[in-house]
Every structure is written in C-alpha cells, then in structure tokens.
Protein chains: 4
Amino acid sequence: MDKMMKVAVLGASGYTGAELLRFLVRHPHISITALTADRKAGQAMAEVFPQFTGIDLPRLTTIADMDFSDIDFVFCALPHGTTQQVILDVLDRKPGLRIVDLSADFRLENPDDYALWYGHPHQALSLQHEAVFGLTEHYRSRIASARLVANPGCHSSTSILAIVPLLKAGLIDPDSIVIDSKTGMSGAGRAAKEEMLFSEISTGVHAYGVGKHRHTAELDQEFSKAAGRSVTPSFTPHILPMNRGIYATLYVRMASGVSAGDLHATLSSVYANEAFVQVLPLGTAPQSRHVLGANQAHLGVIADRMKDRAILIATTDNLVKGASGQAIQNMNVMCGWPETLGLNAVAVFP
Amino acid sequence: MDKMMKVAVLGASGYTGAELLRFLVRHPHISITALTADRKAGQAMAEVFPQFTGIDLPRLTTIADMDFSDIDFVFCALPHGTTQQVILDVLDRKPGLRIVDLSADFRLENPDDYALWYGHPHQALSLQHEAVFGLTEHYRSRIASARLVANPGCHSSTSILAIVPLLKAGLIDPDSIVIDSKTGMSGAGRAAKEEMLFSEISTGVHAYGVGKHRHTAELDQEFSKAAGRSVTPSFTPHILPMNRGIYATLYVRMASGVSAGDLHATLSSVYANEAFVQVLPLGTAPQSRHVLGANQAHLGVIADRMKDRAILIATTDNLVKGASGQAIQNMNVMCGWPETLGLNAVAVFP
Amino acid sequence: MDKMMKVAVLGASGYTGAELLRFLVRHPHISITALTADRKAGQAMAEVFPQFTGIDLPRLTTIADMDFSDIDFVFCALPHGTTQQVILDVLDRKPGLRIVDLSADFRLENPDDYALWYGHPHQALSLQHEAVFGLTEHYRSRIASARLVANPGCHSSTSILAIVPLLKAGLIDPDSIVIDSKTGMSGAGRAAKEEMLFSEISTGVHAYGVGKHRHTAELDQEFSKAAGRSVTPSFTPHILPMNRGIYATLYVRMASGVSAGDLHATLSSVYANEAFVQVLPLGTAPQSRHVLGANQAHLGVIADRMKDRAILIATTDNLVKGASGQAIQNMNVMCGWPETLGLNAVAVFP
Amino acid sequence: MDKMMKVAVLGASGYTGAELLRFLVRHPHISITALTADRKAGQAMAEVFPQFTGIDLPRLTTIADMDFSDIDFVFCALPHGTTQQVILDVLDRKPGLRIVDLSADFRLENPDDYALWYGHPHQALSLQHEAVFGLTEHYRSRIASARLVANPGCHSSTSILAIVPLLKAGLIDPDSIVIDSKTGMSGAGRAAKEEMLFSEISTGVHAYGVGKHRHTAELDQEFSKAAGRSVTPSFTPHILPMNRGIYATLYVRMASGVSAGDLHATLSSVYANEAFVQVLPLGTAPQSRHVLGANQAHLGVIADRMKDRAILIATTDNLVKGASGQAIQNMNVMCGWPETLGLNAVAVFP
C-alpha cells in the first residue's frame, strides 16, 4: 500500500483516545495526522501520556483549530452528549469523511429511546438514522459500507456477544435474563472526581447506576431485535478495584429441552471463524485478566445445578474489544482491510 | 468480672484464626489460653502473624499436645472435613466445653444434604443434629443455650440476611432468586496454591465453583425453611482482586403488588434493633469497603426499572461478620454477655 | 470518670478526620461534640463516610457556625497554610482550648525555615513558638503540658523514630543518611485530582516531590537537634498502589567500630517500654501490612554486606501512627490518661 | 525472508516463558517449534495460559522428550542452578544452537563470584567463560556474534542502564551509590509459595533479601568494569503490590563540579539512538506504569537540594526489558535483524 490513510483522533487525552493510539501507531496502513484535546491543546502526547515518549506524534490541538481537509478517517472519543453536535459539524465541513464514534450518541436507533435514556432530544437525527451499530461480528456487512459507525458500549457489547445468538436461535427465555456486569475503573475515564480516587476504589466493590444504567438501552435494543419481541433484561454494573475488564455473568433459563451444551454448541458455531471471539470449553469460566490489553472476547457456558438454568460468562477488556480495539476493527472493515490488522496483540498476563 | 473465661483457638495460623485473635486480645472477659497450629507448632504467633508483635500470647502447639482441662471455650478454625472428628474427640475429652466451629462441618442439618454436597457421610451425626446454625440475628435464642454452634459460610450468611426476612414475609417469588456473590481472596485461606498467587489475582476477576459451590447448600436450607417450601436459588461466587469483602447482588421478582419500598420497610423493621446490620436508605447501593474490618452487614434495596423486580445488595467483611466476628458475636450470646462486647470496631476506610 | 471531655474535629470530611473518628467514637473518656467540614456542612457523617452508619454523631457544620463555648479539646485536620489562621482565631475565641493540629503549620520551630519551605511568612508566630512537636516517644513531657501540639508528618515521624536515637548516640555518620520513603495514597487526602485517580495509581509506582518534599524540613530539624549539628538527609518519597502505609528504607554508614547489632541494641533499649514502637529481631525486614490500621511503628535493623553500612526500616500506617492515632496518643498524654486508651486496635491483616 | 527460524522455549509455563511467547507469536521471522514445561507436559499452552486461546502453538513437552534436530534457536527460561546443566547438555546434543538464557547461571564472569553468591561451584565453566552479558545497549557487538547470551537480571539491568555511563564518564563517586529498587510480584515467578499469595502482598510493601540479594553480584561486576575499580553499591529490593515493574531510585554523589544537568546530558547522549531507552526531561520522575508491557526503559535525572547529590530513577517492566523483551532484543541482534522487530508494542496504560 503506497498511500497511508490519514487519521484524526478527536479526544486523544482520555483513556480511549490513548488506547486508540496504542494500536494506531503500529497499524501498517494509517498515518496519525491530527490529535485533539481541547483542555490540553498545545501539549505533546508524551506529556499527557508518557508511554508515547519517543514516538513521533502530532501535537494536541483543539477541534476548532483543526484542519479536516487532508483527513480521511476520524475516531471520535469525546464525551456523550456533546459528540452529536461535533460530528454534525465535522461532516458538514467534510461530508466524505468516515467516522467511528466511541460515544453513546449514535448507538440507539429509536429517537424516543435516546430522549428517554439521555434526557433530551437528539440533536442530529439524520445521522442517528444513518449510523450503524458497530459490533463487527453482528453487523459486519453494514459496517463495511457505513460512513458513521456507532461503537457500542463496553458493558453492552460484551453481553450482546453472549446473548444475541441464543435469542436468535430461540434457546433461552427472553424474560429470564439477569446480567451482573463487573468492570474496572478505566471505563469511567480520566475525569477528576472524588468517587474515582484510588483510595475510594482500591479495597472494595460496589454497584452503580442500579436499575438505570444507560447501557441498558443498548441491551434492550439488540436483545429485542434478536428475539423479535421486546426484551428488558435486568442489568446491574459494578466497579471493581482493577483498571481494565468487563466481566458479565449472565443468568438465563433455557427453553424446554435445551441444555447448556446446546447453548455452547450454538455459540461455538456462530463464532467459529471469528478472530476476536473465543468460546472456551463447556464448563469453563473465563477470567478477565486473560483478555487484558487484547482485542478479544472470551465466552463461557456453564450448566447450573437446576437443569433448566445456565450461566453464561463473557469477558473483554473495556478499553479494547469494549472500545478502542473494537473501533479499529470497524475501521479495518470499513476500509476493506484484513480485520485483524494492527489488532493481534496477545493479552498481557500476568 | 473477676474470672476471665479461658479460650482456645484451634487453627490459629490461618486467616480466620488470626482474625479471631485480633478481636479476642481486646475482649474484656476472656483469657487466650491455648493456640494450635499443627504445622507451625512451637512458633510464636508474632512469627506467623507479625501484627501480634508486642502482645503476650501462648506459643502455638498441636491439638494432640493440648490440655483441655482448664479450657472453657473453643473456637475451631480448622479445614472442612477434618473438623468433625476433631470436635468429636474434643467433646469426648471434655463434654462441658462450648464450641463455635467456623468450618462447614456442622452447618447442614440434614445428613443426606451433607453427604451429597461433601461427598462422604458425616462422621459425627449426633453432633450434627445438636449443632445450631450460627447466624445470631436469626437464631439468637437457640444459640444462647447451645453447646456447639456452626458458624455459617461467608457467602451464605451475607445473602441470608437479605433474603430470609423477605421469604418469611412472602414478599418475593422463591423461584426467582439469582445471587451473584463477589468476594476477596482472604476467604480462600492461607494455603499456598498457584491460583491464589498475587500475580494470578491482582488484575482481574473470575467466577469459581459455578453451579456447584458448597455454600449453595446453606442457602437452600435457610431459604427453604424461611419459605416453607423447597427453594433452590441460582448462586455464583466470584473472586475479586481485593482481600476482604463479600458483596452479594441479589435479583428477585416480587409478589404481586409488592414494591421495593415494601422490601426495604420489612428489612428495616426486622433489623431495627440489631447492632450489626444496617439497612441503608432505599435506593442506596452499599460498598464493601465501608464494612472492611468491622462486624457489620450493610443492606441495600433498589428498585429495578421493571416494577416487579428489585435488586438487593448485602455486604460484609468475609473474615468478620462472615467468619470470626460472627463467631465472637455467638460467643457473647452463648455467655450471656452484651452482644457487642469486643466487637464495636468501626470499619477501616480508606 | 463521670464527665466526658468534649471534643471537636475540624475537617472531619477528610481521611485523617474520618480516621480520628474511627478511634474517638470508641474512646472511653471523650464525647464528640462538634464536627466541621465547610464544603459538606449540613450532611451527616454517615453520608460522607458510610462506615459510620448506625453511630450517633453530630451533623457536619462550618467552623464559622461552630460554638466553641462548650468544647474542651480540638483536633484540627485542615489543609496546610490555612490552618495557622484558623487556630489563631479559635484560640482567640477560647484561649483555654487544647489543640492537636495535624497540619504542617506548626511543626517547624524556626520561622525562617517555615518561610523557606512554605513560600510565605508564618501568620501566627507566637503560636509557632509555643507549639510542641508531637512525636510522643521523643517529646512526651513537653506534650503533657502543651496547649498546642503540632502532630508531625507521616514520612518524617516514621524516619525520626529510627534515626534520632542513633544520631543522639553518635552511632551513625550524619552526612550519610539516605531515606527512600514509600507511601500509600491516603496520605494525599480526598481531593479530586487527576493524578490521584485509581487508574493513574493502581498498577505502578513513582517518586514525587523529589529533592524538595516539605517533610524534609522536619527531618532536618529533628535530625539536627539530635546530632547537635546541621544534618541534611537525602529524602525521596514514592507513591505505591496501596491505601495505607509509610515504609522508609534508611541507608546509613556507621561510625567506626559500630555494628548493625549496636544500632539494634540502642533502638531496642530506647523503645523497650513503648507501647507503640516495636523493634523486630535483628535482621528482620518489617512489612507495612502488619501495622495497617494500628497505632504502631515496626522498626528493623539489617546489616549490609559492607561492614560499615546498615539498612534501617521503619513502617507505620500513615493515617494512624503517622497522623490520627498519633494525635490521639498526644491527647491522651495532654489529658494525663493512659497513653494507649482507645488506641490498642491490632493491625488488620490480611 | 522465506525460511522462518525455528525456535524452542524451554520453561514455557512460567511467567517469563509466557511473556516470550506473547512477543514471539507475532514476530515475523520465527516459527515456534517446541515448548517445554516438565511438570505440565502434555498440556496445551491455552490450558496453562488461556490468553493463548485461539493461537496455534505446539503442545508442552519435557526437555528429555524434545528433539533439537530441527531447532535453530533456544530461549531458556528455567530456574537458576539447574539451567547450567541443561544448557551444557543441549549444546552437547547440538553445538550449533544459539541460546539466550534468562536464568542467572551465566551472568557472572568470575567463577569465584558465582561460587560465592550461589553457594556451589559452577557446573559448566567453559560456557560461563563463553557467555556474553546480554544488556544489548552495552554489549551489542559481542552479542551479535555470541552463541550463548546471559540475559541480565531485572533489577540489575535497570540500574546498570542508569549508572554505568556515569561511572564510565567519571561523573559520580563510585562509593556513594545507594540503590533502592522496587518490583512487582511477577518477577518471583509462578511458584506456589505462601509469601506470594495475593492476601500476603496486596495491601503493603516490604524489603526482601536485604544486604544479600544475588542481583548485587551483577551490579558489582558491571559497575566495577565501568569504573575500572571495585564498586560495591548498597542495593535493597522491595516487593510492591503490583504485578509488573522495576523502579530503581538511585542516590549518588557527584564528582566535584558536576551537576545533575551533566548527568542528564551524558545519559541523553549515550542513549540518543537507542529505541528502547528513553531519557525523560531533566527533573522528571518516570512512572513504572508508563513502560508496563513494553520493551522500554525510562530514565530520569533529578537534582537534590544539596548540590553535590543527585537522584536517578530507572524503570522497566521486569518481564519485558527486564527479561523476555530483552531476550528477544538479543535474538534480533544475534540474527542480524532490526533490533525492534516484534518488540515495538506501546506500554499498556492505564
């Protein structure tokens, strides 16, 4: 490939921004052309994230000061709510850009759902309609031709990988799904908040957003599409004293006559040719540390003692398969490149 | 009180043994008279646990070498399976002893249940029949007159505190209970096993014993007694990268017309006069760090978005209210002392 | 004791404030009469620190709104710099109050040193002159009669315990002292700063304030007094991924003919009757976890391979013997009570 | 390159073995042909380290069962002491093999030093004489033509990078060097030992091997060669509650008229063209987390308040630049490949 694709990362001073760069600086087909971070404009990436010391990168700038004329592709890693206006403006300035958005702004297809869960009407309805839900394994062909891909949430994408194939196959009771999801702190970003201090987190665990976490809306949407009817799972996220990882324990009741082995066979078949989803042997519980730093999901299926129940476990690194790695996987598909390009790092364990 | 009660701790070199001593050395009515640890016999406690440096304690001995003649009370913190024979022997040597056993050996009332979950017939059937389940808040009067109290498991006691009052009141569907329980490493004890190394635990989370953890049997027993019918909850324990804490997230469906507020009112009423159970305001998720080191359970009740569902959260320190603190609370009751004696330490946070 | 001493804690919403209360609520001779926290005034302590749920405590107020008329004793846990004016005002309102100040404002005896290290002239010079350096083991008699005690810094008090007796005895070269001090995050307080987030701290270590940390001034002062000449140790603090603990590794060259055994004998003798300082056997390295939560310092002396060098190790819990426990120890001395009153909790390990 | 080099890893079930594979599976010029692990022979790597699920690797075998006939290159990640005999045998079976040994067996040039520090005579003296000390930046040309490279210790290589250029340049007093080195747990390997359990490590810090750690011998050797005289630094290692990282704080006195800026200029110049050593701006303290997972060393130079003293800080990931990454860097040099091949992963932070 002679010509490198020119990429901009909007919001490079956050954790998902840094994680995008961790992969992008080693991607063979792209050139990192612009990085923005409004509050840290003017600084070098190595000042903001010293792990980039010695790597040649553009200095941080503001979005307002950015020149999109020679940009081919944009990753948008900005906060929820403000992103929709930014992307509207950016596409106005350069309609031919392709974008993967890592915020929640374009994940919900139904404007009413968006308004309900986010508390205000969507500001870019035509784009919301256009955006493709960016879980590659389930929307690959639509992503390939998309201009705007809405990268899914870390909690939701992890659970969707385990549940959607089973709902499609009619193997589980859609009304029985309980999702106990656990995550590390990095998903909360780099904002300086008292409740995110080391001393507040390091020796314990707690649930948050119980009964109302916004990723629930993504689960409802994708589960309902898969089941062909309304599905409203119970979903409770927890913060654990670790940096990275989503670990979803999913409790289901099976349709009559269905066994845990059937669930396992279905998932194994659906993901047999996927590079980034591994179905572990039946009865094996995955561990989040075995996907840390890698664009991988590990799935497990375990029979409960009661024969109509099963426990599914899905784990990812929230910053990789749950965010930035997933985003680059989508970029690869959008560009017609091998899906694993730049993404084949093995998990860092221990 | 002129005469101190003479106490022995069998198994003082494990974490529950050390935790018993943390409280017992400051208890005003007892004298620590003997400590055993077969593999570390001959050593001083301060060699095995340097936090006891400067505190006068008996040297570790073997059970075989121990003289029970002047012992009044025994805490038994030995491994499951071997304990039943030890206690049988000890009570044979001195029938008047009173004992709190921290192992699982005497928790199940039904010998068939024991044989099923532990894989061999019980070796001390008469004692199994005699033993009282040691969750003070629910068995206080029987504990007061017991000779042998079976301290409950850390996972099970934590969940029982939240669920049993609701089953007794008929407020929840007994067939709907899903328990996602999380714990720190200290509950696994001080055995040198590869899977318990710091490097294997520190950066991730995983489920263990899925579908078959033995604390399930205690949950079945106590839930069924409370409901007046067979109850078989789904129970999955997880290991988190922290030392202390049980954090049970409990998913229930409510009986028709019942609200989360009703669950909260019932728990608040049941535990209104308990020193060691705090029901947090409706809608508040407890945090395990706020009970670390304290003989306390914090309970939370939160409404789900679907009006027939609620999420309950119960948290304890597995070594304190989930083990050694609970054991001393039982001793206080057995001795007719104020229940909080020696147990009123506030949680260590941060 | 019929009448309880009425105590106020100024700055109760920080970590040292909470830690004071952890001990004070169980102290037999005091009544907690007022708690201040300007930014959280109006809240209950259990809202700010849920570990106090179920414990009866005054609601948080502002210092301005506080009535000192019935207060007997004040703990001041406010930020450096602002404290001197607050205490000046408070003593103006009620000159008979006794105060233990946990800030750095009154630790340095020489006004020039204060101005040099803190960048501005001291605002309460007469009080600075009056204040007694609050390391009980070394200033017990002066503390007993003091009105204002300046509780020492966590890094400095830990190192002073190990070094000062050796300088006084002339056993070590005053110009050789290198102090590599390590601490947990809680010493930095509860301020919401990016560099204190869990994700910024949890998987690594770094030095901070290298060559210029303000605790250096306390070391200079106390070492110089002990040596009878100017001593300027090299001191570098580090932040570790843990909440609690100071761990100072101290490198010294010994005077001619002196051995590590001599250092050990001197420290053992000096602290033989101290309840809160334990000198471990010669050659033993202490561990910070064995003093976690306890008002204890553990000291170790180890010979280096070169016979003129030794390594000393001193460890404390920065929030206890390094701050709040030390403060209460000082209160006990100021009030003529047994020094260990309310302070005999054993370390929480594991 | 048509033909892939066939590589064997002896000791693939330990952490350094797994870390070698993390890089080797993505190295463009090599084929992983054999993996040994005597106690886990017969198992798949994905069973021993599930992060390799989905990656095609040879099944684990014993060294005895291994066929070296088609092996070109060996990484030896076996325990100290037994390695020398294994390599003697392997080279006997196939003298043309090239080997990077990650144990300590061939690091010391002087047989007397080996016998002194390891307590027994070396069993392969001719190989000890032949082996090249594998710190690429300092022995590149000798490594290029070596048959057997002795990968240096994690503590020692980190400190050598900072100190050796300064000794060579005569900028520091060789008798003043104090090294306070801190490390994560992974350096201790995967052995099931009580003192390495999560609960024993997670909430504190302690020094180990004080005054006698064997990496001291490597420091003596390399420092003495650099200074042209005997140098015996003070070296104390510590275990921190983290998995990865070496963080050496190095205290030095400078030669007359030398400033911290001079030290910084020298290190900057020496490492200007090195891909894997970054000298941070003068006055900046590195953080171990910014090299986690990367084959990088970050060096910092900071002036002390006393003008004849400086503090140097050197940090690496003990499993990467301190072990397996360094080993592959050596392989690249030995094979005449670009030194960064397969090694350019950016650190995983947060």
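Name the most mobile residue of B:Phe52, B:Phe235, B:Phe23, meaning the one with the largest mean-square fluctuation, in a Gaussian network model of chain B with Cα contacts below 10 Å.
Among B:Phe52, B:Phe235, B:Phe23, the largest GNM mean-square fluctuation belongs to B:Phe52.
Which residues' amide hydrogens lie under 5 Å from the amide hydrogen of C:Asp304, considering only partners 5 or more residues apart or on another chain, with H built in the peptide plane?
Hits under the 5 Å cutoff: C:Arg309, C:Ala310, C:Ile311.
If we count every other residue with Cβ under 10 angstrom of C:Ile87's Cβ, Lys/Arg +1 and Asp/Glu -1, where does the sum land?
The answer is -4.
For A:Ala192, what is the net charge nearby, where nearby means another residue's Cβ is under 15 Å from its Cβ and Lys, Arg count +1, Asp, Glu -1?
Combined, the nearby Lys, Arg, Asp and Glu give 0.
Distances from C:Met4 to the same residue in each other copy, label points 7 Å out along Cα→Cβ, in nm, shortest first?
2.7, 7.0, 7.4
Can you list residues whose amide H is under 5 Å from D:His80's amide H, if they're 5+ apart or on another chain and H is modeled 1.01 Å from N?
Distant-sequence amide H within range of D:His80: D:Ala104.
Pop out the carbon and sulfur fraction of the accessible area of the stretch A:169-275 as a percent, whole number, probe 1.4 Å.
Carbon and sulfur together cover 48 percent of it.
Relative contact order, percent, of chain A when contacts are C-alpha pairs under 8 Å separated by at least 6 residues?
17
What residue among D:Leu263, D:Leu319, D:Leu88 shows peak mean-square fluctuation when chain D is described by a Gaussian network model with Cα springs under 10 Å?
Result for chain D, Cα springs under 10 Å: D:Leu88 fluctuates most.
Please compute how much accessible surface disappears when A pairs with B, both sides summed, using a 1.4 Å probe, and round it to the nearest 100 Å².
3800
With runs of 4+ DSSP H residues as the only contributors, calculate the mean residue ellipticity of chain A at 222 nm using -39,500 (n - 2.57) per run, divided by the residue total and rounded to the nearest 500.
Theoretical 222 nm ellipticity from helices: -8000 deg cm²/dmol.
Under 5 Å between amide hydrogens, which residues at least 5 positions from B:Ser31 or on another chain qualify, with H placed 1.01 Å from N in the peptide plane?
Close amide H contacts, sequence-distant or interchain: B:Met5, B:Lys6, B:Val7.
Expressed as a whole percent, how much of the Cα-Cα distance distribution for the protein assembly as shown exceeds 54 Å?
Within the protein assembly as shown, distances greater than 54 Å cover 24 percent of Cα pairs.
Placing the label point 7 Å from Cα along the Cα-to-Cβ direction, what are the distances from A:Ala44 to the equivalent spots in the other copies, shortest first, in nm to one decimal?
4.6, 5.4, 5.6
When a/c reaches 1.5 or more, the comparison of a/b and b/c decides; with that in mind, is the stretch A:205-350 rounded, prolate or oblate per its Cα gyration tensor?
Judged from the Cα gyration tensor, the stretch A:205-350 comes out rounded (a/c under 1.5).
Tell me, Kirkwood radius of chain A from alpha-carbon pair distances, in Å?
Final number for the Kirkwood radius of chain A is 20.6 Å.
Only Cα pairs within less than 10 Å get springs; with that Gaussian network setup on chain B, which residue of B:Asp262, B:Asp220, B:Asp92 has the largest fluctuation?
Comparing B:Asp262, B:Asp220, B:Asp92 in a Gaussian network model of chain B, the most mobile one is B:Asp92.
Using a Cα-Cα cut-off of under 13 Å, which aspartates and glutamates could be cross-linked to B:Lys168, ignoring same-chain neighbours fewer than 8 residues away?
Qualifying aspartates and glutamates at Cα under 13 Å: B:Glu222.
Can you give the alpha-carbon Rg of the stretch D:162-235 over 2.2 N^0.38 Å, where N counts its residues?
Scaled against compact globular proteins, the figure is 1.39.
Determine ³J(HN,Hα), in whole Hz, for all residues of the stretch A:75-81 in sequence, where each value follows from phi through the Karplus function 6.51 cos²θ - 1.76 cosθ + 1.60 and θ = phi - 60°; x replaces Gly and Pro.
9, 10, 10, 9, x, 4, x
Which residue in chain D puts its Cβ closest to the axis that rotates chain D onto chain C, and at what distance in whole Å?
Nearest-to-axis residue on chain D, with distance in whole Å, is D:Asp180, 2.
Could you work out, residue by residue across B:241-253, how many beta carbons of other chains sit within 10 Å of that residue's beta carbon, and then give the average as an integer?
Mean number of neighbouring Cβ atoms from other chains: 6.
Please report the antiparallel percentage of DSSP beta bridges with both residues in the protein assembly as shown, rounded to the nearest 5.
Here the share of antiparallel DSSP bridges comes out near 45 percent.
Short version: what are the Cα gyration tensor semi-axes of the stretch A:1-150, square root of 5 times each eigenvalue, largest first, in whole Å?
The three semi-axes for the stretch A:1-150 are 26, 18, 14 Å.
Taking a point 7 Å out from Cα toward Cβ as the label site, list the nm distances between C:His80 and the same residue in every other copy, smallest first.
Those separations, rounded to one decimal, come out as 4.0, 4.1, 5.2 nm.
The values are calculated or read from the model by the stated rules, or taken from the named source; none is laboratory data. Note that this is a predicted model, so its numbers are computed, not measured. Virtual Cβ from ideal backbone geometry, glycine too; neighbours counted across all protein chains shown. In case anyone asks, the SASA skips ligands and DNA or RNA and just uses the protein heavy atoms, side chains included. Shrake-Rupley method; radii C 1.70, N 1.55, O 1.52, S 1.80 Å.
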